[in-house]
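So the structure is just underneath, and the comments pick up after that.
The values are calculated or read from the model by the stated rules, or taken from the named source; none is laboratory data. As the structure is a computational prediction, the values presented were derived from the model and not from experiment. Positions of Cβ are backbone-derived with ideal geometry, glycine not excepted, and every protein chain shown enters the neighbour counts. Keep in mind that these areas ignore ligands, DNA and RNA; they rest on the heavy atoms of the full protein, side chains included. Shrake-Rupley method; radii C 1.70, N 1.55, O 1.52, S 1.80 Å.
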Amino acid sequence: MAAAKIKKGDRVVVLSGKDKGKTGTVTLAMPKDGKVVVEGVNIATRHKKPTQANPQGGLEKTEAPMHISKVAHVTADGKPTRVRFETQDGKKVRVAVKTGDKIDG
């Protein structure tokens, strides 16, 4: 299993699909499935029947998982960048390819 280039809490931009260009924060990363859930992006609508807990029922909008290849890290100026790993002070850290900025801590 390769190291995770995108983790929970990262700011990402969507590269393709109906939400192309939108940015958001990763709320859930699923490395085994190769998917991420991004806040406010890839909204799926589910029809819910009325239940005792929710007597009204109706439409429920939730963020659906999307493939990790559809998102990329965002630089400080809001542009997408790839991620590489470097060893700094004996620690493996993530670095933005475009700017060379350290992503971790």
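One table, with the values for the structure above:
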{"quantity": "Residue that is surrounded by the most Cβ atoms within 10 Å (Cβ to Cβ) [pool: residues in segment 73-105 that are on the phi > 0 side of the Ramachandran plot and over 19 Å from the mean Cα position of the chain (by Cα)]", "calculated": "Gly100"}
{"quantity": "Tabulated pairs, segment 84-96, first closer than 18 Å to Ala72 by Cα and at pLDDT 90 or above, second in a strand (DSSP E or B) and open to solvent by 100 Å² or more (accessible area, probe 1.4 Å), C-beta under 6 angstrom, 6+ apart or interchain", "calculated": "Phe85/Lys92; Val93/Lys102; Val95/Lys102"}
{"quantity": "Residues (open to solvent by less than 60 Å² (accessible area, probe 1.4 Å) and out of contact with any Gly (no Cβ under 9 Å at 6 or more places or on another chain)) located in segment 30-55", "calculated": "Met30, Gly34, Val36, Val37, Ala44, Thr45"}
